[in-house]
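Asks: Dropping a structure here in structure tokens format, bear with me for questions.
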Amino acid sequence: MNSRFKTLRVLYTDLKKSVFSLGFAACAAITAILCFTSPGFSDTETNRAYSVFEAILYIDWQTLAKEGVSGMNLIFGGLYGYCNMFMPIIAALPFVTAFCNERNTGNIRLNIIRTGKMRYYISKYLSAIISAGAAVVLGCIIYAVVVYAIFPTDSDCKEFRVLVMPYEERGVKEFLGFIPGVFMYGAISVLPAFFLSGFVKNHYLITCIPFMLTYFLRVSLNKLGQSGILDKMENVPFLLKNYSAFYPDNMILWNSGYDFVPTMLIYNGICVLVTLLSFIIFMELRTDKGE
């Protein structure tokens, strides 16, 4: 029992360092700001697309209501702007600065001796993914509050909508189901940076390399989907057929019921375990305990 309490106390200390840090605040603020770069309104007459921020500045409220642009729908699409490109960097901010400073100053050895090796590794890992997920959720909530206050509600859109089409209403229940997906998206986005922190000291490399790898993955998946290769294949391999499972931002669709969701959850679960095991192995192989 004492061992469990000690583990929780170490985790609480690491979480407190991450949550009450400039990196956590920066992660939440940048997430909220980048959410406003997501698609907000498309003008079919001028063939121009507006971001959420541009829609706030240039499109009047009644036009948005007539076109069915509700605040709730924009909330669910907030992470599809520049967020999905820069999320590997943003999500690492609460964790990477404190960890790299701890290593570069030599305090890591003292902390490992004080807490124990396995307790130290697991605590760092859990605090990294929890703080990343929580910061991204906080950023999305800030964005949601602003958008919901400014844009028309679903009821307004149903009242003013000019197109004779069914309108999907979303409410608090759907939003509460959306939040766990946002948390998981933030949590898995920090995994590449945490993996690199096991053997890389430079915090610039730890944040920039995951950005490049994620960009390469996204471009490759986009080309796979747009090439039409899958349509020409008679027997499409299972993983290729479910290539959408490998988009990190699709974690927010965890409760959508799409065919790729089970594959996505299994894949990301494997990534979570592999990252932890790899970090432990890298740290154990160092005779200087990570310095």
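The values are calculated or read from the model by the stated rules, or taken from the named source; none is laboratory data. Bear in mind the structure is a predicted one, so any value in this text is a computation, not a measurement. With ideal geometry, Cβ positions are generated from the backbone for all residues, glycine too; neighbour counts draw on all protein chains shown.
Asks: Asn222 is checked against (1) surrounded by 13 or more Cβ atoms within 10 Å (Cβ to Cβ); (2) modelled with pLDDT of 80 or more; (3) over 14 Å from the mean Cα position of the chain (by Cα) and fails just one. What number does that condition carry?
Replies: Every listed condition holds for Asn222 apart from (1).
Asks: A further question on this structure: Scan segment 59-92 residue by residue and report those that are over 18 Å from Asn250 (Cα atoms) and β-branched (Val, Ile, Thr).
Replies: Result: Ile59, Thr63, Val69.
Asks: Right, next: Please pick out the residue among Ser51, Ser18, Ser38 that is under 22 Å from the mean Cα position of the chain (by Cα) and in contact (Cβ under 8 Å) with a residue 60 or more places away in the chain.
Replies: Ser18
Asks: Now, a different point. State the number of residues belonging to segment 40-94 that are touching a strand residue (DSSP E or B) at 6+ places or on another chain (Cβ under 9 Å), closer than 18 Å to Ala28 by Cβ and either modelled with pLDDT under 85 or part of a loop (DSSP other than H, G, I, E, B) (or both).
Replies: 1
Asks: Among the candidates Gly139, Gly106, Gly116, Gly133, single out the residue that is exposed (fewer than 14 other Cβ atoms within 10 Å of the Cβ) and either over 25 Å from Pro248 (Cα atoms) or at pLDDT 80 or above (or both).
Replies: Gly106
Asks: I would also like to ask the following. Within segment 96-106, does at least one residue satisfy the condition of being in contact (Cβ under 8 Å) with a residue 24 or more places away in the chain, under 28 Å from Val172 (Cα atoms) and within 18 Å of the chain's Cα centre (by Cα)?
Replies: No, because not a single residue in segment 96-106 is in contact (Cβ under 8 Å) with a residue 24 or more places away in the chain, under 28 Å from Val172 (Cα atoms) and within 18 Å of the chain's Cα centre (by Cα).
Asks: Can you name every residue in segment 192-207 that is out of contact with any Pro (no Cβ under 8 Å at 6 or more places or on another chain) and at pLDDT 90 or above?
Replies: Phe194, Phe195
Asks: Name the residues in segment 17-39 that are more than 23 Å from Asn84 (Cα to Cα) and part of a helix (DSSP H, G or I), would you?
Replies: Answer for segment 17-39, where residues must be more than 23 Å from Asn84 (Cα to Cα) and part of a helix (DSSP H, G or I): just Lys17.
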